[in-house]
Amino acid sequence: MYTAIVFLPLLGFLVAGLFGRQIGARASEILTTGLLAVSAILSWVAFFNVGYGNAGLTVPVIAEWIVSGGVRVDWALRIDTLTVVMLVVVNTVSFLVHLYSIGYMHEDPHRSRFFAYLSLFTFAMLMLVTADNLVQMFFGWEGVGLASYLLIGFWYERPSANAAAMKAFVVNRVGDFGFALGIFLIFALTGSVAFDTIFAAAPGLAGKSVHVFGLDWDAMTITCLLLFMGAMGKSAQFLLHTWLPDAMEGPTPVSALIHAATMVTAGVFMVARLSPLFEQAPNALSVVVVVGATTAFFAATVGLVQNDIKRVIAYSTCSQLGYMFVALGVGGYSLAIFHLFTHAFFKALLFLGAGSVIHAMHHEQDMRNMGGLARRIPVTFWMMTIGTFALTGLPLMAGFFSKDAIIEAAFASQRPGAIYAFLLTAIAAGLTSFYSWRLVYLTFFGKPRWEAHAGEGLHGAAAVHAGGGEVHRDVDPHAHDAHGHDSHGHDAHGHDAGHAHGHHLNPHESPNVMLIPLYVLALGAIFAGLLFKDKFIGAGGEGFWKQALYYAPTNKILEDMHHVPTLVAFVATIMMLIGFVVSTYMYVFSPQTPVRLAQRHGLIYRFLLNKWYFDELYDFLFVRPAFWLGRLFWKGGDGRIIDGLGPDGVSARVIDVAGRVVRLQTGFVYHYAFAMLIGVAAIITWYLLGGVR
């Protein structure tokens, strides 16, 4: 069963990728979606067998992979509770994305390639979460990176999509470099890359030093920091987050797949899987706490002012990933996985709901050009409202149980940096509520602003949009795009995205093939927290996890978080209500208030709109110097030295001299006689002036 779960998506990729043109797009999408449906069903069977049943750890070996000296790496599937939780998340969301894409991409001429890429991505993620050793995990890790590059740049005719794909690939390589160094260091310390061997050796490595980068470091601290560097890149944590918003250049189903349940959660899964190592490195866990809290706050502030509907949700993902790392940093590994689990449902719901809005609006993504859509697309409206309830933490919804528990755990933890994390995550909860309801109000409420712009083209966004919030003409004429490309770059669906802008728009509800996934995800957004909280983080957790996650004897965070003061227990709900009230006032009752605030605080507004200017900073620090260095080696080194003075230069000079000498061979006798006379005259001159003494 487990082999089928992992390899059915690979089969779909091979058939659709190699024979897509022969069997046709329709057959490709049905085949890949059907295989994912089987994998998803089997994943739920495995989930109940392992988590709720008596099945323990199993490691079926598929093949002998690498044997080199004393190193042996088997291709094996590690099946425990952590694995089956990830199998459910990955395969369920991936199946629903496949199904949704049948409707969303129906006009794209390259559907076979798109569905092949989706299946490849799913297979790579499954290889990652079922890995029994670090080499296999790294294989899946890089496979996910490759597939995300292909999906983000799927519409390769668009320069912005190519740039976004390259950006994601390069930024992730920075993190992956640290991950690779961490793997090398683990092998140097333990002589193995197999999880069982590494975990058994971990307690003995506590307090051991290692000489790295010219200094003596605590072995487990430097190892875990390098591993966390890989997690920072893949999970878009602060400083390595810049690729995530640009990944919106891919089709909306790709955004849901990458941001909800798969690629961005790989770093969270990796730290949880390696919990026996991180438990021996408290200083590294403090770094995880601080970085996670900073990410949660940073992304929430940027999400306040974004106008592209997909980018708002993307920054929400970045912020929620910060919550997960706070949970990991305070030692609440099952708490982080619980939030990963619930987040997958409501964030996929929000992304696919946003895709339904974009579909209804003929590929328009700028919320300032929307409004009044609740009456036109009521099903999408209610589905996104449910997702918003879950994200903001409405009591009894999925996010309420997982996100609120993280804030409580941060307060209860004695880890250095935990109070900092508590304050920032509490503030981020209020900001999350504000920008989430801002999205709902700008998109679904108020006057239909798309009617006013249908005739003139929806891109006349420099004008004031009544009820739409910010006025970019008066604040910053280019504020809606700070980085040289359209911030509401439209999902083109494989054809001209602007075809609908020249006439009156008629927003319409999406077909059932796109709405059915929303219904399923809405059920998860409502009930996932309520149904599974006891197993994930409650009294039944020990029997559920069956030692898939490691807790040191001194780690009592899951118990301590239940004994926080009452005010702390309600702080997330209070912040959620404050964000809701402020957003409602500003975007329903007083729509000119955000306009005045943007004008009055233009510096802060532009700072947030330009994402704290990280792209400009990195461009100045890394991109421009890299281009300058490249040009130096190209023109100076290769052009002037190698081509000018080296072998190419010598060859060129020989050719030049030969070309000039050849000119002497004219074929005229008088030219040769003249040359002979010059030679005779030169010899006589030399003889007379100094040849003989």
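The values are calculated or read from the model by the stated rules, or taken from the named source; none is laboratory data. All values reported here derive from a predicted model rather than from experimental measurement. Glycine also receives a Cβ, built like all others from the backbone with ideal geometry; neighbour counts cover every protein chain displayed. Side chains are part of the model used for accessible areas, which takes the heavy atoms of the whole protein and leaves out ligands, DNA and RNA. Shrake-Rupley method; radii C 1.70, N 1.55, O 1.52, S 1.80 Å.
Table for the structure above
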read-out: Structure-based [θ]222 nm, the chain - -39500 (n - 2.57) summed over DSSP H runs of at least 4, per residue, nearest 500; value: -20500 deg cm²/dmol
read-out: Structure-derived Cα Rg over 2.2 N^0.38 Å: which label, when the choices are (i) 1.27; (ii) 1.15; (iii) 1.01; value: (ii)
read-out: Degrees between helix 282-303 axis and first principal axis of the chain (Cα, 0 to 90, nearest 10); value: 90
read-out: Estimated distance in nm for a label pair at Glu616 and Arg173, the labels positioned 7 Å out from Cα along Cα-to-Cβ; value: 2.7
read-out: Computed P(r) (all Cα pairs; region 266-414; 5 Å bins; percent); value: 2, 10, 18, 20, 18, 12, 9, 6, 4, 2, 0, 0
read-out: Value of D in µm² per second that Stokes-Einstein yields for region 234-298, Kirkwood Rh from Cα pairs, at 10 °C (1.306 mPa s); value: 122
read-out: Whole-Å distance, taken between Cα centres, linking region 235-251 and region 564-615; value: 22
read-out: Within straight-line cross-link reach of Lys556, lysines at Cα separation under 18 Å, skipping those fewer than 8 residues along the same chain; value: Lys533, Lys535, Lys546
read-out: Globularity ratio of region 1-67, using Cα Rg and 2.2 N^0.38 Å; value: 1.41
read-out: Of Gly667, Phe620, Gly602, farthest towards positive along the dipole that unit charges on Lys, Arg, Asp, Glu beta carbons give region 581-674; value: Gly602
read-out: Overall Cα dimensions of region 107-150 - principal axes, largest extent first, Å; value: 42, 16, 8
read-out: With eigenvalues of the C-alpha gyration tensor scaled by 5 and rooted, region 341-425, Å; value: 34, 13, 10
read-out: The chain - charge dipole about Cα centre, Lys and Arg +1 at Cβ, Asp and Glu -1, debye rounded to 20; value: 740
read-out: Region 379-453-region 128-158 distance, computed between alpha-carbon centres (Å); value: 29
read-out: Pairwise Cα inverse-distance average, inverted: Kirkwood Rh of region 71-195 (Å); value: 16.2
read-out: Theoretical FRET efficiency, 1/(1+(r/R0)^6), r = Cβ-Cβ of Ala652 and Leu677, R0 25 Å, to 0.05; value: 0.15
read-out: For region 174-315, radius of gyration divided by Kirkwood radius, i.e. Rg to Rh on alpha-carbons; value: 1.04
read-out: Options Pro378, Ala348, Thr392, ranked by Cα towards positive dipole end of region 343-414, top entry (Cβ charges); value: Pro378
read-out: Options Pro647, Tyr323, Ala572, ranked by Cα towards positive dipole end of the chain, top entry (Cβ charges); value: Pro647
read-out: Over region 534-693 - Rg/Rh using Cα atoms and the Kirkwood inverse-distance radius; value: 1.55
read-out: By accessible area with a 1.4 Å probe, ligands and nucleic acids excluded, highest first: order of Val144, Val680; value: Val680, Val144
read-out: Spacing of the two label points (7 Å from each Cα toward its C-beta) at Glu157 and Ile641, in nm; value: 4.4
read-out: Peptides ranked, highest mean first, by Cβ atoms within 10 Å: ranges 4-10, 614-620, 655-661; value: 4-10, 614-620, 655-661
read-out: Rough spin-label spacing in nm, given labels placed 7 Å along Cα→Cβ, for Tyr52 and His110; value: 4.3
read-out: Anchor Lys310: lysines whose Cα lies under 24 Å away (excluding residues fewer than 8 positions away in-chain); value: Lys167, Lys234, Lys347, Lys403, Lys447, Lys611
read-out: Sum of side-chain charges, Val171 neighbourhood, beta-carbon under 12 Å (Lys, Arg +1; Asp, Glu -1); value: 0
read-out: Potential lengthening between Ile62 and Asn512 on full extension [0.36 nm per residue; Cα-Cα distance subtracted]; value: 158.0 nm
read-out: Ordering of 662-671, 386-395 by burial proxy (mean other Cβ atoms within 10 Å per residue, highest first); value: 386-395, 662-671
read-out: Viscosity 0.692 mPa s, 37 °C: Kirkwood-radius Stokes-Einstein D of region 126-219 over Cα pairs, µm²/s; value: 214
read-out: Efficiency of FRET between Ala539 and Val581 - r from beta-carbon atoms, R0 22 angstrom, step 0.05; value: 0.05
